[in-house]
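FYI, it's all coordinate maths here, none of it is from the lab. As the structure is a prediction and not an experimental result, all values here were calculated from the model. So basically every Cβ, Gly included, is an ideal-geometry build from the backbone, and we count neighbours across all protein chains shown.
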């Protein structure tokens, strides 16, 4: 430590040099003691006195073992854990987190560093955060929520509310040609590292990756763009069929080859001649394109989240389950995944990591199909009730709908409004119900012929009357009946609370913009954002557990 001693203190210079560390430590403790007394109700002081990082330290105790023998540890796991906590608590970048720990006394006190100690570099923090992502992605969220349940055990019994929000990708959408070229570049990059790098000398780079002299894509005419796309697909086809690429066992190469194949299959119709040479390439119509279409090779997991006109976002669909006080579960899926599909998985996660299913879950009408009601019942063994406005079934003024027919208890027969029974049933193609068939002879002379078949009353039925009965009819009817009760109306008043919590996570907690690329890493970010929100809520609900004790004065030897 470089100690600058002013002229007036030169007589005691030897004493200062000998005890400088002790003096600085004593001074740091005195300042922290005053800080604790003046700001004991600050949220960070409350969390310092309330949260226990001991279990987190136990789980991560092997982190420094990878450094190898003979290499010293500059910062303990406890310090790194608290700094990562502050990163998401304040919504900081890694560099800004380091700056805040260096300059903010509350941050430095929370972390456990003396005022004169230097904070870890952002590289050190990045390495530790990567370790958490890969090894313990749920650690912070689950442990902080477990401690919250100790302080607020009644939160487990509260009704939960669910919804989704957009997490914008840390990448830009790419045109189809640019997307394919980017993928080709990644294949060649990993090929260069492999033992078969001699293939690079035989590849026509201009066709695969484009040349610097070519006209920019936005200035191409429709014909020129089509020609360039065909050339790119032809070059891509040759690359993928090359024995070195097709037979490669390199995981990275196979990964990018699969991405190229998916992009082509989702977007294009390709015409080949007898020699399997590509002669024409055309874009598929919108209604024929594949699902979960890759829109950027920078982040292949991100897709388009379409929630109506003017609500199309490129990125991820983040699902949230929360009470009116604390977030109970978060999950990030690719943007194109429908909202309700995450519900059973999130309920199962709560059971696995926290040991219970919520009694009731309030959601929007996107989950109002019978299938979703039945899936939640099956997943939770009927321990969770999905509280949703059921979607209205299609009505018809021309003929009877399935609700006019009666299904037997064992599901083997269906009775029409006139009392005639059909035992002919066939499994539906999507395996989600049965189609019952009333043949023409059964309907001869029926007085309900017109409302049943929608035909002229004088017409003779010559075709069978098919009635589809869903497997989820019973669950749907139970939901319809419950939606008419006063309890349902009272529970639906909780719905707006989830918007308040989403706003807190996205606008003030950094949850709107993805900091990482890839679904797993973005899921980690969402859970850390949720953890930070829960910690802030805990600080609001608690008075200080106890004022931090006065730190002892360091005695001079």
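Among 484-490, 25-31, 81-87, 311-317, how do they line up by average Cβ neighbours within 10 Å per residue, starting with the highest?
Values: 484-490: 10.6, 25-31: 16.3, 81-87: 22.4, 311-317: 19.6.
In decreasing order of mean packing, 484-490, 25-31, 81-87, 311-317 become 81-87, 311-317, 25-31, 484-490.
For the stretch 30-110, what does the alpha-carbon gyration tensor say about shape, rounded, prolate or oblate, given a ≥ b ≥ c as the root eigenvalues, a/c under 1.5 as rounded, and a/b over b/c as prolate? Please list the in-between numbers first.
Numbers: a/c = 1.96, a/b = 1.73, b/c = 1.13.
In terms of gyration-tensor shape, prolate.
Distance from the Cα centroid of the stretch 77-148 to that of the stretch 218-294 is 44 Å (rounded to whole angstrom).
Give the separation of the Cα centroids, the stretch 521-537 to the stretch 351-370, in Å. If we compute the Cα centre of each part, the gap is 20 Å. Against the chain, whose longest principal axis is taken from its Cα atoms, helix 473-482 shows a tilt of about 60°. Computing FRET efficiency as 1/(1 + (r/R0)^6) for residue 31 and residue 172, where r is the C-beta to C-beta distance and R0 is 45 Å, gives about 0.45. Calculated mean residue ellipticity, 222 nm, the chain: -13500 deg cm²/dmol, from DSSP H runs (n ≥ 4) at -39500 (n - 2.57) each, averaged per residue and rounded to 500.
Here the stretch 258-313 is treated as an ellipsoid with the same Cα gyration tensor; its semi-axes, largest first and in whole Å, are 27, 14, 7.
Each Cα pair under 8 Å and six or more residues apart adds its separation to the average, and for the chain the resulting relative contact order is 20 percent.
Based on the mean of other beta carbon atoms within 10 Å per residue, what is the order of 277-286, 51-60, 511-520, most packed first?
Details: 277-286: 12.2, 51-60: 15.5, 511-520: 18.0.
Order by mean packing, descending: 511-520, 51-60, 277-286.
Our analysis of the stretch 96-251 gives Rg over Rh at 1.18, with the two radii drawn from alpha carbon positions and Rh computed by the Kirkwood formula.
Taking all Cα pairs closer than 8 Å and separated by 6 or more residues, the relative contact order of the stretch 176-288 comes to 29 percent.
Sort 162-170, 501-509 by the packing proxy (mean of other Cβ within 10 Å over each peptide's residues), most packed first. Mind showing how you got there, number by number?
On the way: 162-170: 22.6, 501-509: 18.3.
Descending mean neighbour count gives 162-170, 501-509.
Alpha-carbon geometry of the stretch 78-182: the Rg and the Dmax are 18.7, 55 Å, given in that order.
Averaging over every viewing direction, what projected area does the convex hull of the Cα atoms of the stretch 212-342 cover, in nm²? Walk me through the numbers on the way to the answer.
Working: hull surface 50.7 nm².
The Cα convex hull of the stretch 212-342, projected and averaged over all directions, gives 12.7 nm².
Kirkwood radius for the chain, taken over all pairs of different Cα atoms as the inverse mean of 1/r, rounds to 29.2 Å.
With both bridge residues required to lie in the chain, what share of the DSSP beta bridges run antiparallel, to the nearest 5%? Working shown, then result.
Values: 37 of 43 bridges.
In the chain, approximately 85 percent of DSSP beta bridges are antiparallel ones.
For the stretch 176-288, rounded, prolate or oblate, judged on the Cα gyration tensor with a ≥ b ≥ c (square roots of eigenvalues), a/c < 1.5 rounded, else prolate if a/b > b/c? Prolate, since a/c reaches 1.5 and a/b exceeds b/c.
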